[in-house]
Amino acid sequence: MGRVQGYSKKIKMPNHLYSLVGADWTDMGYSSFATRRIHLSSRDITPEAVYQSRRDILMGLATGTASLALTGWASREALAQTAGAMPLPGKSSAVPGAVTMDKPTAYKDATSYNNFYEFGTDKSDPARHAHTLQTQPWSVAIEGLVKKPGNYGLEDLLKLSTMEERIYRLRCVEGWSMVIPWVGYSLAELIRRVEPLPGAKFVEFITQADRKTMPGVRGGALDWPYVEGLRMDEAMHPLTLLAFGMYGEVMPKQNGAPLRLVVPWKYGFKSAKSLVKIRFTDKQPLSSWEKAAPQEYGFYSNVNPLVDHPRWSQATERRIGEDGLLAKKRKTLMFNGYEPQVGQLYAGMDLKKYF
Amino acid sequence: MRTWLRSRTAWWALLVLGLCPLAWLVWRTFTDQLGANPAETLIRATGDWTLRGLCLALAITPLRSVLGWPELARFRRMLGLLTFGYASLHLVCYAWFDMGLDWADIAHDIPKRPFVLVGSLAFAMLALMAATSWNGAIRRLGARRWQVLHRSVYAVAVLAVLHFWWMRAGKNNVIEVWVYGLVLAALLGWRIWRRAHNLRGA
């Protein structure tokens, strides 16, 4: 029982107002594709400032009403994580494949079941410990083979391109999946502005590793900081997202605030959280999991039901919050269902060898 | 205390206490309190309780000897059977909730995940012990053979920790494995120490 449900159940919002909340919530969770389309036009004609203030009012009402209904400790804790969340709306993305029809995962599940080892290895750890993360001030260092290196402040990055809402499937290497409405823009927008040199073949992503605020960094689960990498063409693909928020709000800390990568056709660990450095190189970066277990995790880590993890099958997955206890797990799709968009990036490659 | 331990109430109290984790899991299942991934929660919780049961069952003999309380012996069988019960639930949860009772998938899964094989082996040994846990079985097998068979609980302890370690190793998340490993090592170590001590004494 989170705020999302309280939202729609407690306030009988007229249909046309749904568009004002930046996203169309329904009792079941998020909106259907059809509803979104219908309301998109009304939202587009509302001036941004008006839209914003109306949304804030609705938001306040929703939180107030929902808190009355919350009783359990878990619910209060969930609320505490989100009570201060700032809205961050995005226009529905026109990028092919960027808005899946799958039903989005409940906000509560998406913000309480996370792998973010900097805050602990248990999936409930990030929601409990990530409140210590300092996201202001924040800047991202752009380094390496680029014409315009330097420190880019979060405020500037937020304004760099139009925020889009993208509803992506997220497939974890562990065999579960979610559907998340992210808010951000294509990483390509940033890459184009910093002008990579011709020699830049790869992009390396380095994430925050602060011993003071991240309890997991004091432990030795991985070699910190957490590092990920993409080939240049993967990084430039329009589906590769630089995300600043989700569910129409600023990114929750446990999900990788203030900005993170989202690469929907790769296993979740490729989507590095809390980015502090983006480096352009001519050599293939060594990602953290590759370094920790090279026989188990490769550089590409594309979702592929035909290539098993050495210790378990990748043929099926459990959709969090959807597939009941007794339901059979669903089949995992090639490139997590993004094969039409990204398949050509890997044409002719032996995906068993380059796993 | 020792008089109470000999009473019927104590026996029932331990049984009820031992079934509390099960009741708690059933309650959470039907009130939708198992979190984002209920199958995983159930599989892990039943596995955790199997390990805890194993530690408790193996602690009886050292405790009895150290405290000089022979009364404790009567709880060993029940703790063993409770452990077997949680292990059975663990297996059922895996086969049903993780594998959807698809035997072909399970057959494919076991060689992929050797820790499943290790766990199954430990379960088979527990099942043998559970099947021969009644007084009649001791008589029929003869005390000596029965004792040899039931010493396989030491192998079960080693396999259970290996099973847990293997499951967690990929994520470098082995602190809990160390806790169970150290507790079980201490309990087995005590037995080795006592044996060596007795031999020297004789």
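The values are calculated or read from the model by the stated rules, or taken from the named source; none is laboratory data. Quick caveat: nothing in here was measured; it's all calculated off a predicted structure. Cβ: placed from backbone, ideal geometry, glycine included. Neighbour counts: every protein chain shown.
Condition check for B:Thr41 on (1) within 14 Å of chain A (Cβ to nearest Cβ); (2) modelled with pLDDT under 90; (3) surrounded by 16 or more Cβ atoms within 10 Å (Cβ to Cβ): one failure, at (2).
Residues to consider are B:Ala57, B:Ala36; find the one that is surrounded by 18 or more Cβ atoms within 10 Å (Cβ to Cβ), touching a residue at least 24 places away in the same chain (Cβ under 8 Å), in contact with a helix residue (DSSP H, G or I) (Cβ under 6 Å, 6 or more places away or on another chain) and not β-branched (Val, Ile, Thr).
Numbers: B:Ala36 fails: touching a residue at least 24 places away in the same chain (Cβ under 8 Å).
Every option except B:Ala57 fails the conditions.
Among the conditions (1) without any contact (Cβ under 8 Å) to a residue 40 or more places away in the chain; (2) crowded, with 16+ Cβ neighbours inside 10 Å, the only one that A:Lys329 does not satisfy is (1). Among the residues of the stretch A:219-250, just one is charged (D, E, K, R), surrounded by 21 or more Cβ atoms within 10 Å (Cβ to Cβ) and either in contact with a Lys or Arg (Cβ under 7 Å, 6 or more places away or on another chain) or free of Cβ contacts under 8 Å to residues at least 24 places away in the same chain (or both), namely A:Glu228.
Can you name every residue in the stretch B:110-133 that is farther than 23 Å from A:Glu174 by Cβ and within 14 Å of chain A (Cβ to nearest Cβ)? Steps first, answer last, please.
First, pick out the residues of the stretch B:110-133 that are farther than 23 Å from A:Glu174 by Cβ: B:121-133.
Listed by number, the list is empty, since nothing qualifies.
Can you find, within the stretch A:263-288, the residue that is nearest to A:Phe116 (Cα to Cα) among those that are of a type outside the set (S, T, N, Q) and out of contact with any Gly (no Cβ under 9 Å at 6 or more places or on another chain)?
Step one: filter the stretch A:263-288 for residues of a type outside the set (S, T, N, Q), giving A:263-270, A:272-273, A:275-280, A:282-283, A:285-286.
From the residues that got through so far, the ones that are out of contact with any Gly (no Cβ under 9 Å at 6 or more places or on another chain) too are A:263, A:266-269, A:276-277, A:283.
Numbers: A:Val263: 16, A:Lys266: 17, A:Tyr267: 14, A:Gly268: 11, A:Phe269: 9, A:Val276: 15, A:Lys277: 18, A:Lys283: 26 Å.
Checking each candidate, the answer is A:Phe269.
Give all pairs with beta carbons closer than 8 Å in which a residue from the stretch A:280-297 that is within 10 Å of chain B (Cβ to nearest Cβ) and closer than 12 Å to A:Ala200 by Cβ meets a residue that is in a loop (DSSP other than H, G, I, E, B) and of a type in the set (Phe, Trp, Tyr); count only pairs at least 6 apart in sequence or on separate chains. Every condition considered, no pair remains. For beta carbons closer than 7 Å, sequence separation of 6+ or different chains, a first residue in the stretch B:118-138 that is free of Cβ contacts under 8 Å to residues at least 12 places away in the same chain and a second that is part of a helix (DSSP H, G or I) and surrounded by 14 or more Cβ atoms within 10 Å (Cβ to Cβ), the qualifying pairs are B:Ala137/B:Trp146; B:Ile138/B:Trp146.
Taken over the stretch B:73-102, the criterion of being over 18 Å from B:Asp48 (Cα atoms) and modelled with pLDDT under 90 is satisfied by B:Ala73, B:Arg74, B:Met99, B:Gly100, B:Leu101, B:Asp102. Annotation: B:His108 fulfils all but one of (1) buried (at least 16 other Cβ atoms within 10 Å of the Cβ); (2) modelled with pLDDT under 90; the unmet one is (1). Considering the stretch A:187-218, and only residues there that are within 14 Å of another protein chain (Cβ to nearest Cβ) and in contact (Cβ under 8 Å) with a residue 24 or more places away in the chain, the residue that is surrounded by the fewest Cβ atoms within 10 Å (Cβ to Cβ) turns out to be A:Pro215.
Among the conditions (1) within 21 Å of the chain's Cα centre (by Cα); (2) free of Cβ contacts under 8 Å to residues at least 40 places away in the same chain, the only one that B:Leu162 does not satisfy is (2). Can you find a residue that is surrounded by 13 or more Cβ atoms within 10 Å (Cβ to Cβ), within 28 Å of B:Ala23 (Cα to Cα) and at pLDDT 90 or above anywhere in the stretch B:133-143? Yes, there is a match, as at least one residue in the stretch B:133-143 is surrounded by 13 or more Cβ atoms within 10 Å (Cβ to Cβ), within 28 Å of B:Ala23 (Cα to Cα) and at pLDDT 90 or above.
Taken over the stretch A:93-137, the residue count meeting the criterion of being closer than 29 Å to A:Asn336 by Cβ and more than 14 Å from chain B (Cβ to nearest Cβ) is 15.
Which one of B:Trp165, B:Trp103, B:Trp146 is more than 12 Å from chain A (Cβ to nearest Cβ) and under 30 Å from A:Phe116 (Cβ atoms)?
Numbers: B:Trp103 fails: under 30 Å from A:Phe116 (Cβ atoms); B:Trp146 fails: under 30 Å from A:Phe116 (Cβ atoms).
From the options B:Trp165, B:Trp103, B:Trp146, the qualifying one is B:Trp165.
The residue of the stretch A:307-331 that is farthest from the other protein chains (Cβ to nearest Cβ), among those that are under 22 Å from B:Lys171 (Cα atoms) and in a loop (DSSP other than H, G, I, E, B), is A:Val307.
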